[in-house]
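Structure record follows, encoded as structure tokens.
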Amino acid sequence: MAQLTNLESKLGEVVGLAMAAQDATQKVMKLARDNGDDELVSSLERMHDEAKETEERSTAVASSFDGKKTAILEEAREVKQKAKQMMSTYLDQASDALDGYEFLTMAEAGEVGHWEILATLNERAGKSEVRELADWAIPIQRRHFDEARETSLKLAAEEDPDEES
């Protein structure tokens, strides 16, 4: 397996997080459907589609690194697996839509951070395809974080604080 630079490794991480985001939005969609909240489902479908597009665009950029695509995508699969384990630990059978959105808030915050780190690493590397990808992805990731956070707070406000859980 080819050795990855810090930039290439971080690219693999954001690809893996985009893969994991697709799984996470599917899981939280199920929780939202169980709550009968079609508005949340619609928002999650859009987030899912954007995560899929992010994975596709990021994979295309990974292809531009000569002889490194396989190693970058292996890094992505490892990150996806770690994220999947975190999700299965956090979201269990008793989880509801609020739990799902709390998890998404954490996950989206992590994605924003990873994308911003990739962009910062690329400031010195100067790869135009990475800069264009990050410029496209960062606003989407920030919006995903804001939406997950706002929805978490909205769902929390609807909860009875004195009800036993």
(request) Go through the range 42-85 and give me each residue that's buried (at least 18 other Cβ atoms within 10 Å of the Cβ), part of a helix (DSSP H, G or I) and either hydrophobic (A, V, I, L, M, F, W, C) or on the phi > 0 side of the Ramachandran plot (or both). (result) Leu44, Met47, Ala51, Val61, Ala62, Ala71, Ile72, Leu73, Ala76, Val79, Ala83
(request) For the range 115-125, indicate whether the set of residues that are buried (at least 20 other Cβ atoms within 10 Å of the Cβ) and outside any helix (DSSP H, G or I) is non-empty. (result) no
(request) Check whether at least one residue in the range 18-27 is over 15 Å from the mean Cα position of the chain (by Cα), part of a helix (DSSP H, G or I) and in contact (Cβ under 8 Å) with a residue 40 or more places away in the chain, and report yes or no. (result) no
(message) Could you list, ordered by first residue, the pairs with Cβ atoms under 7 Å in which the first is in the range 105-118 and in contact (Cβ under 8 Å) with a residue 60 or more places away in the chain and the second is basic (Lys, Arg), at least 6 apart or interchain?
(response) His114/Lys10; Ile117/Lys10; Leu118/Lys10
(request) Taking the residues in the range 86-104 that are acidic (Asp, Glu) and in contact (Cβ under 8 Å) with a residue 24 or more places away in the chain as candidates, determine which candidate is surrounded by the most Cβ atoms within 10 Å (Cβ to Cβ). (result) Glu102
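Computed from the coordinates by the stated procedures, all read-outs in this text should not be read as laboratory data. Computed from a predicted model, the values in this text were never measured in an experiment. In this analysis, Cβ positions are derived from the backbone assuming ideal geometry, glycine residues included, and neighbour counts consider all displayed protein chains.
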